[in-house]
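Below you'll find the structure, written out as structure tokens, and then a few comments.
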Amino acid sequence: MENRWIPIGRMTDDKDVLRDVWFGRIPTCFTLYQDEITEREAEPYYLLLPRISYLMLVTDKVKKHFQKVMRQEDVTEIWFEYEGTPLKWHFPIGLLFDLHASNTALPWNITVHFKNFPEKDLLHCPSKDVIEAHFMACVKEADALKHKSQVINEMQKKDHKQLWMGLQNDKFDQFWAINRKLMEYPPEDSGFRYIPFRIYQVTTERPFIQKLFRPVATNGQLNTLGDLLKEVCPAAITPEDGEKKNQVMVHGIEPMLETPVQWLSEHMSYPDNFLHISIIPQPTD
């Protein structure tokens, strides 16, 4: 998905945007770190990574590929790094790319490690259950913000499982059959209670910014992406007379700042139901 204009409007029936978000892929080249000991040369491994998924969910083939050239005793916990930055597996892949690599040439070059796990930077991921637990915790937190947890609590365990299996197995219809309920709100309201969002910047130590923000202003106007940034991250906005210093990215594109946050939340949230927004320095070329 390259930069392109996103139409504004009430478009809950607009499957195209949801599909574009779901099927976004990043061509990636995985290379084994040069200090890893191998029996023979490790060829790079190429993969189209789904933006909406998690690294540890889609890299079984990568792990198998590199294990073939290594001695079994050297194969410990796998982790990934891009240009010296360990990649947090609990962030969605698209967010990792937007944050760290969005203005670089493709394929995205990721380095694979089996040694010296960076305890300070990364959480351990011993199994897919850990990813599922993290994912469901995010979905529940998002619904607490949107509907005071009413929707997620009314669902059955099998519905929760269907959300997870839809994501894990890349099944758009299976996932959205349940997720659409999390995107609804009473007709008398103009949107959710609060918008689940997180804003990330590589330039700060803080992992992300998250505050309570309503989709509708007190005067009844719909709050926009620009309004959200003005309130919680004013440094990201270009002053009227100044040059553009930052890009505001969601799913690899820069939505117009006039876009209502309610529309973005319904159409451009990740499967965890959060809008993950990256503020990255404008490339100087």
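Counting only strands (runs of 3 or more DSSP E) wholly contained in the stretch 175-285, the ones carrying 2 or more residues that are within 23 Å of Ala144 (Cα to Cα) and either open to solvent by 40 Å² or more (accessible area, probe 1.4 Å) or in contact (Cβ under 8 Å) with a residue 40 or more places away in the chain (or both) occupy 197-201, 275-281.
From Leu182, Leu228, grab the single residue that is under 26 Å from Gln282 (Cα atoms) and not hydroxyl-bearing (Ser, Thr, Tyr).
One residue alone meets the criteria, Leu228.
So that you can scan it fast, the table gives a plain yes or no per residue for (1) under 19 Å from the mean Cα position of the chain (by Cα); (2) more than 25 Å from Ile279 (Cα to Cα); (3) of a type outside the set (Phe, Trp, Tyr); (4) modelled with pLDDT under 85:
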position: Arg10; (1), (2), (3), (4): no, yes, yes, yes
position: Phe23; (1), (2), (3), (4): yes, no, no, no
position: Pro50; (1), (2), (3), (4): yes, no, yes, no
position: His65; (1), (2), (3), (4): no, yes, yes, no
position: Lys68; (1), (2), (3), (4): no, yes, yes, no
position: Gly84; (1), (2), (3), (4): no, no, yes, no
position: Lys115; (1), (2), (3), (4): no, yes, yes, no
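Out of Leu122, Leu106, one residue alone is open to solvent by 70 Å² or more (accessible area, probe 1.4 Å) and assigned to a loop (DSSP other than H, G, I, E, B). It is Leu106. Within the stretch 56-73, residues that are on the phi < 0 side of the Ramachandran plot have Cβ atoms under 6 Å from residues that are of a type in the set (S, T, N, Q) in these pairs: Val69/Thr38; Met70/Thr38, counting only partners at least 6 apart in sequence or on another chain. The single condition among (1) touching a helix residue (DSSP H, G or I) at 6+ places or on another chain (Cβ under 6 Å); (2) modelled with pLDDT under 95 that Asn219 does not meet is (1).
Only a single criterion out of (1) more than 28 Å from Leu49 (Cβ to Cβ); (2) out of contact with any strand residue (DSSP E or B) (no Cβ under 8 Å at 6 or more places or on another chain); (3) of a type outside the set (D, E, K, R) is not satisfied by Ile178, namely (1). Listed conditions (1) open to solvent by less than 20 Å² (accessible area, probe 1.4 Å); (2) not in a loop (DSSP other than H, G, I, E, B) are all met by Glu141, apart from (1).
Restricting attention to the stretch 30-51, the residues that are outside any loop (DSSP other than H, G, I, E, B) and loosely packed, with under 14 Cβ neighbours inside 10 Å total 2.
The values are calculated or read from the model by the stated rules, or taken from the named source; none is laboratory data. Fair warning: this is a prediction, and the values are worked out from it, not measured in the lab. No Cβ is skipped: glycine too gets one built from the backbone with ideal geometry, and neighbour counts run over all protein chains shown. The accessibility values were calculated without ligands, DNA or RNA, using every heavy atom of the protein model including side chains. Shrake-Rupley method; radii C 1.70, N 1.55, O 1.52, S 1.80 Å.
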